[in-house]
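A.B. asks: Below is the structure I would like to discuss, written out as structure tokens.
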Amino acid sequence: MLAVFADAGKIYTWTDEYGVTHITEKPPPPGAQGQDVIEYIPKTDEQIEEIRRGQQTVQKQQEIMRAQQEAKHARRRAEQAKARATELSVIADQAFQRSEEFKKTTSYTVRRWQKNKPTRLRLEAEANQAREKASAAAQEAAELDKRARAAEKRAAETLAQEKPVQENTSEIKP
């Protein structure tokens, strides 16, 4: 009985005559090569709890970093979309202005008006398409901004949850 309890905390590694490595809780047979004994020292409940707290802290920090990176990425995408929407809005305004200028230059007579109708319609269509693109880009920018705000809110909530954990762990440690 005593021998069983004495060996309970040991792990043996050894190689047999065929070159196969064995890892067991039983001692190797006599004449085994490359014998090695690893002693297992069990952790106390306090040590296990400290390890758990450390793992939880690392997980929380990783959550915070992920949330902050997600928020940063979402904010960057929202800003890029806003810039694109602004750029498309300027293009739309320029197309509309070209259309209006062309209308002014060709509206002196009915004959000119009729003769330049295809060009006028094309310019109006270009202006309308540019406005639609600008509107779609503005909607996308608004949606991305909304997502960025939500991501920033999640990051702030995650950070706020982490602070009490840090305060509690600082109280436990001497």
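The values are calculated or read from the model by the stated rules, or taken from the named source; none is laboratory data. Bear in mind that the values here come from a model prediction, so they are computed numbers and not experimental data. Here the Cβ is made from the backbone with ideal geometry for all residues, glycine too, and neighbour counts use every protein chain on show.
A.B. asks: What's the total number of residues in segment 9-22 that are in a strand (DSSP E or B) and under 11 Å from V37 (Cβ atoms)?
C.D. replies: Qualifying residue count, segment 9-22: 5.
A.B. asks: Quick check: is even one residue across segment 40-59 small (G, A, S) and surrounded by 12 or more Cβ atoms within 10 Å (Cβ to Cβ)?
C.D. replies: Scanning segment 40-59 turns up no residue that is small (G, A, S) and surrounded by 12 or more Cβ atoms within 10 Å (Cβ to Cβ).
A.B. asks: To continue, here is another question. Taking T106, is it surrounded by 14 or more Cβ atoms within 10 Å (Cβ to Cβ) and outside the structural domain of E126 (by TED's automatic domain parsing)?
C.D. replies: No; evaluated as a whole, the condition is false for this residue.
A.B. asks: Residues in segment 35-56 that are of a type in the set (S, T, N, Q) and part of a helix (DSSP H, G or I): how many? First the steps, then the outcome.
C.D. replies: Initial filter on segment 35-56 (of a type in the set (S, T, N, Q)): 35, 44, 47, 55-56.
From what is left, the residues that are part of a helix (DSSP H, G or I) are 47, 55-56.
Total meeting the criteria: 3.
A.B. asks: Continuing with this model, one more query. Any residue at all in segment 88-100 that's under 31 Å from the mean Cα position of the chain (by Cα), under 30 Å from E152 (Cβ atoms) and either surrounded by 12 or more Cβ atoms within 10 Å (Cβ to Cβ) or aromatic (F, W, Y) (or both)?
C.D. replies: Taking every residue of segment 88-100 in turn, at least one turns out to be under 31 Å from the mean Cα position of the chain (by Cα), under 30 Å from E152 (Cβ atoms) and either surrounded by 12 or more Cβ atoms within 10 Å (Cβ to Cβ) or aromatic (F, W, Y) (or both).
A.B. asks: Let me ask something else about it. Among the numbered conditions (1) assigned to a helix (DSSP H, G or I); (2) in contact (Cβ under 8 Å) with a residue 12 or more places away in the chain, tell me where M65 comes up short.
C.D. replies: (2)
A.B. asks: Here's a follow-up. Identify, please: which residue in segment 134-174 is exposed (fewer than 12 other Cβ atoms within 10 Å of the Cβ) and among the basic types (K, R) and is, among those, modelled with the lowest pLDDT?
C.D. replies: The residue in question is K173.
A.B. asks: Another question, if that's okay. In segment 21-39, what count of residues is obtained for those that are among the hydrophobic types (A, V, I, L, M, F, W, C), surrounded by 11 or more Cβ atoms within 10 Å (Cβ to Cβ) and within 10 Å of K10 (Cα to Cα)? Even if it seems obvious, please write down each step before you answer.
C.D. replies: Here is the first cut: in segment 21-39, the residues among the hydrophobic types (A, V, I, L, M, F, W, C) are 23, 32, 37-38.
Subset that is surrounded by 11 or more Cβ atoms within 10 Å (Cβ to Cβ): 32, 37.
Still in the running and within 10 Å of K10 (Cα to Cα): 37.
Within segment 21-39, residues that are among the hydrophobic types (A, V, I, L, M, F, W, C), surrounded by 11 or more Cβ atoms within 10 Å (Cβ to Cβ) and within 10 Å of K10 (Cα to Cα) number 1.
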